[in-house]
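The values are calculated or read from the model by the stated rules, or taken from the named source; none is laboratory data. Since we're looking at a predicted model, the values are computed, not measured. Note: ideal-geometry Cβ built from the backbone for every residue, glycine included; neighbour counts use all protein chains shown.
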Amino acid sequence: MDQAASATMLHRGEVPAWAVNLGVGIVIAALIPVSISFDKYIDNYVLDVLIRIGVAIILAVSLNLINGITGQFSLGHAGFMALGAYTGGVLLKHYQHQIHGALLPPVFIGVTILGGLVAAIAGLIVGIPTLRLRGDYLAIATLGFGEIITVVLNQIESIGKFEVGGSAGLHNIPHVTNFFWTYAWVVICVVVIARLVYSAKGKPFFAVREDEIAAAAMGIDTTYYKVAAFVIGAFFAGVAGVLSATLSGNLDPGDFNFVKSIVIVVMVVLGGSGSITGSVLAAILLTYLPEQLRAFEDWRLVIYALLLIVMMLVRPEGLLGNRELWWKRKTAMV
Amino acid sequence: MALLEIKNLGIEFRGLRALSGFNFALDQGELVGLIGPNGAGKTTVFNIVTGVYRPTAGDVLLDGKSIAGMKPFRVNRRGIARTFQNIRLFGGLSVLDNVLIGFNQSVAHGFLGTLVRSRRQQMEERLHEEEAIELLRTFDLVDRLHDSARTLAYGPQRRLEIARALATRPKVLMLDEPAAGMNPQEKMDLMELIGAVRRKFNVGIWLIEHDMKLVMSVCQRMTVLDHGETISVGTPQQVQDDPKVIEAYLGKAEV
Amino acid sequence: MHDFLQQLVNGLSVGAVYALIALGYTMVYGVLRLINFAHGDVYMVGAVIAYELAVKLAGLNSPVWVALPIIFLGAMVGCGALGFTIEYLCYRPLRHRPRLVSLITAIGVSLLLENLFQNRRIFGATPRNLPELLVIRPVLSIAVGASHSPVIVTNLDLISMGLCIAMMLGLSWFVLKTKMGLALRAVSFRVDTASLMGINTNRVISMTFVLGSALAAVAGVVDAMRYQVDPLMGLIPGIKAFVAAVLGGIGSIPGALLGGFLMGLVETLLKGYLPAQYNNYSNAAAFVVLILILLVRPSGLLGKTTVEKV
Ligand SMILES: Nc1ncnc2c1ncn2[C@@H]1O[C@H](COP(=O)(O)OP(=O)(O)OP(=O)(O)O)[C@@H](O)[C@H]1O
Ligand SMILES: [Mg+2]
């Protein structure tokens, strides 16, 4: 059968863009009342898990842009997260007595963006080696970057009058984040990255993953796209860092070592590298699962590890493979 | 002034001279062949012209401006597109996406437009899709739009690679053994297609081919390489009668 | 000068352990192109076996020269079997999948081993000391010039370096002189062609895991004696040994040795010469050096630069 009588047929039944935009706006707005009622009526523990799931989604989706979609195997995502977390944690702790009430929301927005930007600058710097390194060598260099961040954070007690905490960690950071802030960022992260890569402007990200030499021969500035993936991915990791710092109120450099990076990589691969909805699913699953396994106490992480191995053996392409759950076929990677 | 002009081009790999004193010119709408035995340096010429290798001697001019040593993506943006001897499609992407990626430089809207899915962005994407489908129709691939490129058979993969190259709207199209691995019937069809492309898109086509008979039947002129040296230039007839060419190909069944 | 020489001895002793672990990474990478993330944990299992055996042997009052060989051999056999099992169950079924899949599985195996041994019914999370089978003491003290204190080499330093060199020689002999070694080189060169040539690639790959794991076991036993036994002890040396393998050029056996010793030296020298409060930076320095070297030579010091044919 002729799969395409005309291009417009591809778009039949598609929701118009303005409606989707409006929908995204409504979803974010609706998060406010949801968040307020959650704060009131939901058990603190459940809320905590929900927020951690949100942070995990941001981390997994943003790493997917780098690893799964652009094909640049990075093992340093926790490093970007650490930079955001510390930027947010240090600033909010220092100024906690000056900011309250109506001042808090705009300041928090500013701080999350700032945390993201600091991480993004690091992403720019880390993105540069990717121009020379490939595959395992890139993986190990980014792992090194993450470890360097951890070690440096361990050493810095303070910067000027700002307390950083050094190896003792940074504590008593105000608990600013809540369901709303977290999931507003989740929506922004998913929508931005999905729209970007599933558009004419973003298709080259996939091309770089598939074949760099062919991509360059098609006029794609592969350097630009690789660095862009790192910068955008790092930005959202930084944002996730700020959110998690203000969730627990505590920061410890050790929280951001390569094990954390690996946990995020596992989410991406388990969900299916390149599949954004897959990353979302895996982030939910892999944050929720260990909670459920709490009943098994000592054997919890053993079971977690076994499940991971079995899942890879049974479904190596990840939950969704290269597909998306609901995007239309025209954009779906086949 | 020719569209593509190559002067005295040469390259060495660690002291090994793989190409020397190569001269060439190609005009709009021409179809010219490049032949030679295995390891003669044909692919190397293509790689230098498209910026994969930097020449150690000579110059490459497109529209009179030097492009030698430029990065591959810049060379493509100047108007040279190519295919690869060992097919390099975006295997995990759909046939349609492979061609759409070729249009990437014609995307006029910015990142912001992409993020809010502006009207302009949507119009542009739709336009590109129509164009891509039209292009794929020419290459008889339109019934495979949504299949991943990897799942295509050998012949269709070669055709898709040409379609993808054309999507970058080149002035010069360079094809590295596009008929390799095809059966005689497929080869004949492909040559016909290449002829049609030349007329329809008015591009200059430069073609590497092993099969002498095949090139001779379609090319207006040709260059023969052996061990990095140009041993003969001229019309198919002139080249065929050149004793040096016969010598280079001695023992080869095709001659 | 004296300080420097002492650091050199310490560096070589630590580096020998890195080299032993790095060899396993490099050999597996050579045949499978897989970063065997669980390798550091195999080293940990080696240390745990050493602990268990040492406790038994100490109870029997066996003399050092009987106990040590038993411990080393026991750990090597145990880890060899573990390596074989891991490959057979977890990596073999995924061999024709993208490499990333095996890597994640390897991470899973690593998590499994760490958490299994942290369980108190198996070993427990608290680090334990080996019973004093081998009293670590200086065996050599070399006076250097007119300096006040001599350079000290302990018996453990000698064991560490001696075993590393012995293992290395044995491995070289095996790889270069035996038929199985030839097969291993063939598989490293090209798996598909090797199997076409009638080489039983499965056997070669199994053997690579057994050998690499046995080498890691040796490293594990040495470190069990030097430090403590702890289910998470494989993490950092594992990463460092992997960095060492990459530094030397992953896939290259001499490279692993070079990288291991370099890593040990850089680390101890930095620890020795940096002011105490910056001590922790020596860990970061290893990675800085790595990144710098990779930027200059993207495939490691002794690694082959592979040019992709266009
Ligand atoms: N990157 C490189 N490094 C070293 N030598 C190279 C490189 N690229 C090509 N060569 C050498 O240059 C010579 C010409 O190779 P080229 O690929 O251009 O031949 P060809 O004419 O396309 O042959 P074929 O018909 O087999 O495709 C060969 O000897 C090849 O080994
Ligand atoms: Mg060629």
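Residues in region B:114-142 that are closer than 17 Å to A:Asn21 by Cα and within 8 Å of chain A (Cβ to nearest Cβ): B:Thr114, B:Leu115, B:Val116, B:Arg117, B:Ser118, B:Arg119, B:Gln121, B:Gln122.
In this structure, is C:Gly74 in a helix (DSSP H, G or I) and modelled with pLDDT of 95 or more? Yes; evaluated as a whole, the condition is true for this residue. The set of residues in region B:11-33 that are closer than 30 Å to B:Met191 by Cα and either part of a strand (DSSP E or B) or within 16 Å of ligand 1 (Cβ to nearest atom) (or both) comprises B:Ala18, B:Leu19, B:Ser20, B:Gly21, B:Phe22, B:Asn23, B:Phe24, B:Ala25, B:Leu26, B:Leu31, B:Val32, B:Gly33.
Residue-by-condition table, conditions (1) of a type in the set (A, V, I, L, M, F, W, C); (2) more than 12 Å from ligand 2 (Cβ to nearest atom); (3) closer than 21 Å to B:Glu209 by Cα; (4) more than 15 Å from the chain's Cα centre (by Cα):
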| site | (1), (2), (3), (4) |
| --- | --- |
| B:Ile11 | yes, yes, no, yes |
| B:Leu26 | yes, yes, yes, no |
| B:Gly33 | no, yes, yes, no |
| B:Gly64 | no, yes, no, yes |
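One residue stands out in region C:26-73 among those that are under 30 Å from C:Leu258 (Cβ atoms) and without any contact (Cβ under 8 Å) to a residue 60 or more places away in the chain: the one that is farthest from the other protein chains (Cβ to nearest Cβ), namely C:Pro69.
Just to confirm my filter: which helices (runs of 4 or more DSSP H) fall fully inside region C:93-191 and include at least 1 residues that are within 14 Å of chain A (Cβ to nearest Cβ) and of a type outside the set (Lys, Arg)? Ranges flagged: C:99-118. Within region B:75-103, the set of residues being free of Cβ contacts under 8 Å to residues at least 40 places away in the same chain and more than 8 Å from chain A (Cβ to nearest Cβ) comprises B:Val75, B:Arg78, B:Asn86.
If you filter region A:210-221 down to residues that are crowded, with 24+ Cβ neighbours inside 10 Å and assigned to a helix (DSSP H, G or I), you find that the one that is nearest to the other protein chains (Cβ to nearest Cβ) is A:Ala214.
Scanning region B:217-244 for residues that are in contact with a Gly (Cβ under 9 Å, 6 or more places away or on another chain) and either hydrophobic (A, V, I, L, M, F, W, C) or closer than 20 Å to B:Glu5 by Cβ (or both) yields a count of 13. Annotation: of all residues in region B:144-162 being among the small types (Gly, Ala, Ser) and surrounded by fewer than 24 Cβ atoms within 10 Å (Cβ to Cβ), the one that is nearest to the other protein chains (Cβ to nearest Cβ) is B:Ser148. Exactly one residue out of A:Ser261, A:Ser273 is at pLDDT 90 or above, crowded, with 21+ Cβ neighbours inside 10 Å, touching a Gly at 6+ places or on another chain (Cβ under 7 Å) and within 14 Å of chain C (Cβ to nearest Cβ), and it is A:Ser261.
Do we find that C:Ala75 is hydrophobic (A, V, I, L, M, F, W, C) and out of contact with any helix residue (DSSP H, G or I) (no Cβ under 7 Å at 6 or more places or on another chain) in this structure? So C:Ala75 fails the test. Hey, does region C:86-94 have a residue that's β-branched (Val, Ile, Thr) and surrounded by 16 or more Cβ atoms within 10 Å (Cβ to Cβ)? Yes: region C:86-94 contains one or more residues that are β-branched (Val, Ile, Thr) and surrounded by 16 or more Cβ atoms within 10 Å (Cβ to Cβ). Restricting the first residue to region B:26-45 and requiring it to be within 14 Å of another protein chain (Cβ to nearest Cβ) and closer than 19 Å to B:Val60 by Cβ, which pairs with a second residue that is within 16 Å of ligand 1 (Cβ to nearest atom) and in a loop (DSSP other than H, G, I, E, B) meet a Cβ separation below 6 Å and a spacing of at least six or different chains? Correct list of pairs: B:Gly41/B:Gly228; B:Lys42/B:Gly36; B:Thr43/B:Gln85.
Checking C:Ala245, C:Ala286 one by one, the residue that is in contact with a Gly (Cβ under 7 Å, 6 or more places away or on another chain), surrounded by 19 or more Cβ atoms within 10 Å (Cβ to Cβ) and within 13 Å of another protein chain (Cβ to nearest Cβ) is C:Ala245 and no other.
Within region B:202-217, residues that are within 14 Å of another protein chain (Cβ to nearest Cβ) sit with their Cβ atoms under 7 Å from residues that are within 16 Å of ligand 1 (Cβ to nearest atom) and in a loop (DSSP other than H, G, I, E, B), at 6+ positions apart or across chains, in these pairs: B:Ile208/B:Glu177. Of the residues examined, A:Pro174 is one that is more than 14 Å from chain C (Cβ to nearest Cβ), surrounded by fewer than 22 Cβ atoms within 10 Å (Cβ to Cβ) and more than 17 Å from the chain's Cα centre (by Cα). When A:Ala82 is tested against (1) modelled with pLDDT of 95 or more; (2) closer than 24 Å to C:Ile35 by Cα, only condition (2) is not met.
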